[in-house]
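Notes follow once the structure below has been shown.
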Amino acid sequence: ILIPKDTIVFMNTWAILRDEHEYPDPHLFKPERFLESSQGKQVLRTNIRDPHDIFFGIGRRSCSGRQLASDSLWITLATLLTVFEIRRPEGVENSDESESGLIAQPKPFKSQFILRSKNTLEMFESAVS
């Protein structure tokens, strides 16, 4: 295959991460697909491609800030889940609708962030001030 000069080539992560051979039922939320039983415990499978390795790019053009991005996201989510209980408001139905583009993402949806405790909020406020 000859790729013309100045052509921009993108890796099709959407198709790679929805490969039915690699990930059966790719459109279903099945986190257990990444687990297997070993000596009575659930452990991460080593014979399946880790999506983390794909969506940050591959090879010499992979994201150099991968570790920083992963760590920052982990800290942010861990903090949110510590401080808030996140719920769907009563009377609101789930939606699987998404917006597509270079990165697919869910369409905006309603949610409630309920404070877990007053002590947690005080701890959080002192940590960020």
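Looking for something outside any loop (DSSP other than H, G, I, E, B), hydrophobic (A, V, I, L, M, F, W, C), modelled with pLDDT of 85 or more and under 25 Å from Phe34 (Cβ atoms) - is there at least one such residue anywhere in region 98-117? No; the residues of region 98-117 include none that is outside any loop (DSSP other than H, G, I, E, B), hydrophobic (A, V, I, L, M, F, W, C), modelled with pLDDT of 85 or more and under 25 Å from Phe34 (Cβ atoms).
One residue is enough: does region 56-70 have a residue meeting the conditions in contact with a Ser or Thr (Cβ under 8 Å, 6 or more places away or on another chain), among the small types (Gly, Ala, Ser) and closer than 19 Å to Asn12 by Cβ?
No, because not a single residue in region 56-70 is in contact with a Ser or Thr (Cβ under 8 Å, 6 or more places away or on another chain), among the small types (Gly, Ala, Ser) and closer than 19 Å to Asn12 by Cβ.
Figure legend. Inter-residue proximity from region 100-114: first residues farther than 15 Å from Arg18 by Cα, second residues loosely packed, with under 10 Cβ neighbours inside 10 Å, beta-carbon distance below 6 Å, spacing 6+ or different chains. Indicated pairs: Lys107/Glu97; Lys110/Pro89; Gln112/Pro89. Cβ separations smaller than 7 Å between residues 6+ apart or across chains give the following pairs from region 56-76 residues that are surrounded by 10 or more Cβ atoms within 10 Å (Cβ to Cβ) to residues that are polar (S, T, N, Q) and at pLDDT below 85: Phe56/Ser62.
The values are calculated or read from the model by the stated rules, or taken from the named source; none is laboratory data. All figures in this text were calculated on a predicted structure; none of them were measured in a lab. Glycine also receives a Cβ, built like all others from the backbone with ideal geometry; neighbour counts cover every protein chain displayed.
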